[in-house]
Amino acid sequence: MTIRSTRRLRRGAAALTGVLALGLALSACSSAGGSAETGNADDIAKALDTETTITVWAWAPAVEQIAKDFEKEHPKITVNVVNAGTGNDQYVKLQNAIKAGSGAPDVAQIEYYALPQFALSDSLVDLKGFGFDSFSDKYTDSTWNSVNLDGGVYALPQDSGPMALFYNKAVFDQYGIAVPTTWDEYVAAAKQLHAADPTKYITNDTGDAGFTTSMIWQAGGQPYKTEKSTDVSINLQDAGSKKFADTWSELVEGGLVSPITSWSDEWYKGLGDGSIATLTIGAWMPGNLESGVAQASGDWRVAPMPTWEKGQAASAENGGGGDAILKQSKNKLAAAGFLQYMNEGDGTQTSIAKGGFPSTVADLNSDAFLNYESPYFGGQKINQVLVQSSKDVVKGWQYLPFQVYSNSIFNDTVGKAYANKSDLNAGLEAWQKATADYGNEQGFTVKAGS
Amino acid sequence: MTTVSQNRPTAVAPRLGRGSAPHKAKRDWTGWKFIGPFMLIFAFVLIAPVVYSIYLSFFKDQLVGGNSFVGFANYIQVLGDSKFWESLGRVSIFLVVQVPIMLLLALFAALAIDSARLHFPAFFRISIFLPYAVPAVVATLMWGFMYGVRFGLVANINDFFGISLPDPLSNSWVLASIGNIVTWEFVGYNMLLFYAALRVIPTDLYEAAELDGANHLRIIRNIKLPALRPAIVIGTIFSIIGSFQLFNEPNILKPLAKNTIVTSFTPNMYAYNLSFSGQQYNYAATIAIIMGVATAVIALVVQNRGSRKEV
């Protein structure tokens with residue numbers, strides 16, 4: 001009852017604000033000024049010397065501090081940092097504000113997987129207009145490729161998540177298991193560990209869209225292709241997808257993965273007491289382990305992600321994202337100035353200090369970063385493993401222009417395979433069909449299957 | 001008389017019809033002034049959103065191609081949408097099984113408290129009613145923890161007795177588990193509804209029945225149940241509406257059972273996820289309208305049947 005009525009109210013409100021925004025937009029046509037979508041460094045500098053307030057939607061912990069530092073440097077600019085929710089929660093609000101025609105921030109944090117959805121629907125400013133395409137050499141190939149869509153640059157990368165194998169060395173030592181370097185060895189280790197102690201599992205997995213797409217990425221799959229921004233093809237049964245699903249099905253069907261959902265209390269508990277022995281996850285994980293699983297300090301280590309072919313290094317990105325400027329913004333030049341400061345300028349150091357894994361080549365290759373010995377990981381120079389992973393990311397990956405929705409129905413389809421401990425390939429096919437149906441429904445031309 | 005009404009075809013005041021003198025025909029706005037504020041709010045919070053939803057349901061706004069008028073296409077699509085029918089089927093099963101159980105429990109509790117055979121009836125009344133005072137969100141979270149097979153109450157029972165209860169959040173049990181939560185929440189509310197109806201029965205009826213030698217069961221059957229019929233009809237209608245609008249409980253349990261509670265688990269969840277994660281506002285509006293009409297029709301049928309028997 002309440003849900004329904006608030007939904008209707010919101011719709012009503014959206015219509016009202018839409019009408020109001022239309023009026024505003026019409027009246028705003030005459031005064032271009034700071035809302036220009038192009039400009040050089042001088043224009044940006046001039047905009048930063050004008051009294052302006054910009055709003056930033058972000059959940060990355062460093063942004064608050066970056067905004068304060070920026071305001072100190074540019075006293076005429078006020079930066080309002082709003083945490084409008086993490087990930088999908090924020091995208092929902094952002095999408096609603098875009099639809100309503102007003103209420104969107106000037107700058108928004110958007111993960112790589114969600115970027116195509118906002119960029120291709122013409123909601124974001126192409127940063128080429130500010131000359132930001134000249135920064136391409138400053139970022140890793142994989143992150144730059146993620147913000148470079150359909151010939152435009154729609155965000156500046158902030159952090160990245162090259163994957164690695166985080167493992168509990170204490171557990172591996174206790175049962176005399178070697179750290180797996182290939183996925184076949186990983187499955188063998190899973191069996192060995194669970195046989196030795198049925199309360200222990202190699203990892204947890206209850207079906208996670210982000211993990212699945214990253215694993216397919218590493219296996220060389222390219223299930224999503226978008227051309228001319230509306231011609232989409234989906235094939236979740238290509239060679240890479242199948243390779244992943246066949247191997248991972250063995251773990252799911254055999255009950256070798258712990259049925260605990262990531263980021264739950266049980267999950268942190270399992271990571272601490274050794275019942276979840278490994279995580280294959282993005283390079284941003286160390287900070288989460290240090291704060292969430294403090295009791296296991298010294299137990300964990302980082303190893304390269306297991307590979308499909310022995311000795312052939314390969315990895316993928318998992319999570320991470322950048323920040324974009326919204327078309328709705330009335331202060332695009334000032335927003336561009338802030339964006340540059342945050343993700344290309346001094347802000348990058350603040351991000352790294354707050355635990356973000358950088359996407360900037362210079363920071364990744366700095367001696368201080370590479371030689372940092374993490375006390376949590378028993379003094380291991382973890383960044384050497386993680387930076388190597390960022391160099392091994394398989395090229396050519398693309399996300400869908402409606403990946404956010406597609407991920408939201410992952411558990412409706414592939415989740416059934418997890419619930420029934422059955423073959424993941426069938427789940428992937430169901431996911432592909434539901435995703436293709438949605439895409440066609442939204443006016444894309446979707447070709448499903450090979 | 002006829003000329004007067006012909007001259008003023010728009011006048012609705014019945015006074016005019018009485019053929020009174022023209023100067024009395026001046027319209028009396030006092031009634032409208034009283035009802036005005038309500039009508040204004042009613043128009044804004046009920047009529048306008050419904051009209052807007054109906055308006056939305058005739059359009060289709062796509063990420064590619066923009067907004068266009070599609071007539072009844074959305075309605076036709078919903079009627080052929082297997083996810084919609086699955087969700088409707090799920091709440092229908094829920095309705096047919098959970099509502100009778102809940103209402104019978106509530107009826108039993110109300111009769112027991114009213115029977116004057118219990119010690120401390122006030123204590124029972126308040127403790128049965130108490131769960132209703134717990135917000136549904138809190139109640140669901142609480143039950144969600146109890147249902148946990150690894151750390152929850154179910155896990156403790158399994159450990160203690162060395163047994164293995166089925167997972168309450170598994171595919172085959174999740175609907176029953178939600179039914180259990182809803183029953184726990186609303187038995188007290190319905191009990192109070194019935195109890196209030198029982199309290200207004202004049203006591204001389206009981207005295208007369210006793211003089212005629214009627215026992216307690218007889219009194220229940222011939223006096224209390226007939227007197228309860230309107231309350232039972234109301235309780236049933238509320239429960240039907242509640243079942244069709246099932247949302248809070250499954251939506252809050254979803255993070256604990258994301259592979260069994262799908263995004264289209266109930267019609268309301270389906271509409272919610274379509275609009276808020278799929279941007280299919282038009283399609284969601286169509287589902288909302290169809291569900292609204294279906295609920296209204298079923299509630300009307302129940303009300304008509306209920307009141308017909310009463311006569």
> Of all the residues that make up the range A:137-193, how many are at pLDDT 95 or above and basic (Lys, Arg)?
Replying inline: 2
>> Can you pull out every residue in the range B:232-266 that is more than 8 Å from chain A (Cβ to nearest Cβ) and either farther than 23 Å from B:Val134 by Cα or in a loop (DSSP other than H, G, I, E, B) (or both)?
In response: B:Ile232, B:Val233, B:Leu246, B:Ala257, B:Ile261, B:Phe265, B:Thr266
> Can you name every residue in the range A:406-432 that is in contact with a Leu (Cβ under 7 Å, 6 or more places away or on another chain), at the interface with chain B (Cβ under 9 Å from one of its Cβ atoms) and either among the hydroxyl-bearing types (Ser, Thr, Tyr) or within 15 Å of A:Thr261 (Cβ to Cβ) (or both)?
Replying inline: A:Val414
> Of all residues in the range B:162-194 being among the aromatic types (Phe, Trp, Tyr) and in a helix (DSSP H, G or I), which is surrounded by the fewest Cβ atoms within 10 Å (Cβ to Cβ)?
Replying inline: B:Trp184
> If you check B:Ala214 against the conditions, is it out of contact with any Ser or Thr (no Cβ under 7 Å at 6 or more places or on another chain), over 23 Å from B:Phe186 (Cα atoms), surrounded by 14 or more Cβ atoms within 10 Å (Cβ to Cβ) and away from every other protein chain (no Cβ under 14 Å)?
Replying inline: yes
> So which of B:Leu88, B:Leu95 is out of contact with any Pro (no Cβ under 8 Å at 6 or more places or on another chain), in contact (Cβ under 8 Å) with a residue 40 or more places away in the chain, assigned by TED's automatic domain parsing to the domain that holds B:Val262 and not charged (D, E, K, R)?
Replying inline: B:Leu95
> Just checking, which of B:Leu104, B:Leu118 is outside any helix (DSSP H, G or I) and within 24 Å of B:Tyr206 (Cβ to Cβ)?
Replying inline: B:Leu118
> Across the range B:267-278, what is the total count of residues that are at the interface with another protein chain (Cβ under 7 Å from one of its Cβ atoms) and either touching a residue at least 12 places away in the same chain (Cβ under 8 Å) or closer than 15 Å to B:Phe94 by Cβ (or both)?
Replying inline: 3
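Here are some residues: A:Leu279, A:Leu236. Which one is buried (at least 22 other Cβ atoms within 10 Å of the Cβ), in the same structural domain as A:Ile202 (by TED's automatic domain parsing) and farther than 25 Å from A:Gln117 by Cβ? Show your work before the answer.
Working: A:Leu236 fails: farther than 25 Å from A:Gln117 by Cβ.
A:Leu279 is the lone residue from the list that is buried (at least 22 other Cβ atoms within 10 Å of the Cβ), in the same structural domain as A:Ile202 (by TED's automatic domain parsing) and farther than 25 Å from A:Gln117 by Cβ.
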> What pairs come up if the first residue lies in the range A:172-185 and is assigned by TED's automatic domain parsing to the domain that holds A:Ile202, the second is part of a strand (DSSP E or B) and crowded, with 16+ Cβ neighbours inside 10 Å, and their beta carbons are under 7 Å apart, counting only those six or more places apart or on different chains?
Replying inline: A:Val179/A:Tyr167; A:Val179/A:Ala303; A:Thr181/A:Thr307; A:Thr182/A:Thr307
> Out of all the residues in the range B:280-298, is one or more closer than 26 Å to A:Phe410 by Cα, assigned by TED's automatic domain parsing to the domain that holds B:Ile178, of a type in the set (A, V, I, L, M, F, W, C) and not in a helix (DSSP H, G or I)?
Replying inline: no
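One line per residue, one yes/no per condition, for (1) of a type in the set (Val, Ile, Thr); (2) in a helix (DSSP H, G or I); (3) assigned by TED's automatic domain parsing to the domain that holds A:Gly355:
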| residue | (1), (2), (3) |
| --- | --- |
| A:Asp49 | no, no, yes |
| A:Thr53 | yes, no, yes |
| A:Lys68 | no, yes, yes |
| A:Val81 | yes, no, yes |
| A:Asn96 | no, yes, yes |
| A:Lys99 | no, yes, yes |
> Which members of the range B:279-288 meet the condition of being under 20 Å from the mean Cα position of the chain (by Cα) and at the interface with chain A (Cβ under 7 Å from one of its Cβ atoms)?
Replying inline: B:Ala288
> What tally of residues in the range A:175-202 results from selecting those that are over 22 Å from A:Asp273 (Cβ atoms) and not in a loop (DSSP other than H, G, I, E, B)?
Replying inline: 6
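The values are calculated or read from the model by the stated rules, or taken from the named source; none is laboratory data. All figures in this text were calculated on a predicted structure; none of them were measured in a lab. Cβ sites come from the backbone with ideal geometry, for glycine too, and all protein chains shown count toward neighbours.
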